[in-house]
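Please read the structure below before turning to the comments.
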Amino acid sequence: MSHQALRAVNELEPRSHREAPDARRRIGARIFDFSREVAVMAIVNRTPDSFFDRGATFAFHKALDAAKAAVRDGADIVDVGGVPFGHGPAVSLDEEIARVVPLIEAIREICGVAISVDTHVAEVARRSIAAGANVVNDTSGLRDPEMAGTLAGTDAMLVLTHSAAPPRSAPSAARYADVVGEVVTFLHDRVARAVAAGVALERLIVDPGFDLNKNTWHSLALVRRLDEIVAIGLPTLVAVSNKDFIGETLHREKAKRLEGSLAAAVICIMKGARIVRMHDVPAAVAATRMTEAVLGFRAPSYVRHNAGGASPLPARRETDEVLGE
């Protein structure tokens, strides 16, 4: 391990006796303060075999309409994907580029929202960044040896995700002695690799990879112990929306997993997640903004109830004694 990578790992050790790190991150044109803010990442898949929408936004115009709607509904980031992680036929490099790059260009032309590309292929990442993407969401955990080097020297964020097998692999029985401990070790290793390749530490995000080569017990443990992932010291992304661990826990088919998805997302936020990747943007934005208010990150839109007047009062913080016990 290089000295630079070793320093990066040391910087991620528990900070209880040190000043808290700067949680602000510039993603595209916007600065997110993850000490007081949670970003909602909308999902727009240009795939015919996505596990949830089964190709509903595969057509270009439908994908672009979905991206526009997500922005209108309050999404902070739009995540564009051209190849699902799950088992299925290989997609050629040219085909993946054709699916995601024109869509990224079109979104960038119409608005300044932060754009993420969901890919594990370095060349797709390179072309996507050139087209206007601000985040590379690599669900493979740097399986492409060129990925980290491709991101080095750019302003793009890199999401490092835990997975135990390559994307598109056939499912197999998932076995871990301690799933959370093994995920933490994996992510520390990938952070060190990325930094050694020249990616700045502040450009990294970690994702424990719910349901990626994990069964329902494993994903539930990751929700329950998410604070151990957050303790790595980098912004944590959670992709829990409509996952099978929610369906199996509640005995719900894919179309009926919204409540479980929101519950899992809120629990993750309470435990420190700062980016939630969700399908239903309006519901996710409402749940996220409410959770931010409970955590003291944002004020209510107004305070009228039991506030001593019929007219809405300007929202103030609880410390200003608007909210009494």
Using only the alpha-carbon atoms, how far is helix 179-196 inclined from the longest principal axis of the chain? Give it as 0 to 90 degrees, nearest 10.
70
What pairs in Lys243/Lys271; Lys68/Lys271; Lys68/Lys214 have C-alpha atoms more than 22 Å from each other?
Lys68/Lys271; Lys68/Lys214
Whole-Hz ³J(HN,Hα) from phi, Karplus 6.51 cos²θ - 1.76 cosθ + 1.60, for the stretch 131-145, glycine and proline x
7, x, 6, 10, 9, 10, 9, 9, 6, 8, x, 6, 5, 7, x
Would you pull out the residues with amide H under 5 Å of Val78's amide H, same chain only if 5 or more places away, H placed 1.01 Å from N?
Ala42, Ala114, Ile115, Ser116
(i) 1.11; (ii) 1.23; (iii) 1.00, with the label sought being that of the calculated Cα Rg over 2.2 N^0.38 Å
(iii)
Per-residue ³J(HN,Hα) for the stretch 243-257, Karplus 6.51 cos²θ - 1.76 cosθ + 1.60, θ = phi - 60°, Hz, x for Gly and Pro:
5, 5, 5, 6, x, 6, 5, 9, 6, 10, 6, 4, 6, 10, 10
Asserting the computed 222 nm helical MRE of the chain (DSSP H runs at least 4 long, -39500 (n - 2.57) per run, divided by residue count, to nearest 500) equals -11500 deg cm²/dmol
Give the order of Glu96, Glu259, Glu109, Glu248 when sorted by the count of other beta carbons within 10 angstrom, beginning with the fewest.
Glu109, Glu259, Glu248, Glu96
Residue-ordered couplings for the stretch 123-128, obtained by feeding phi - 60° into the Karplus form 6.51 cos²θ - 1.76 cosθ + 1.60 and rounding to whole Hz (Gly and Pro as x), are 5, 5, 4, 4, 5, 5
Nothing charged except the Cβ atoms of Lys and Arg (+1) and of Asp and Glu (-1): what's the magnitude of the dipole of the chain about its Cα centre? Round to the nearest 20 debye.
280
Residues in the stretch 199-239 reached by a label modelled at His251 [backbone nitrogen below 20 Å; 7 Å Cα→Cβ]:
216-217, 220
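Rule-based calculations on the coordinates, nothing more; no lab input. Here the structure is a predicted model, which is why all the values come from computation and not from measurement. All Cβ positions, even for glycine, are placed from backbone atoms using ideal geometry, and neighbour counts span all protein chains on display.
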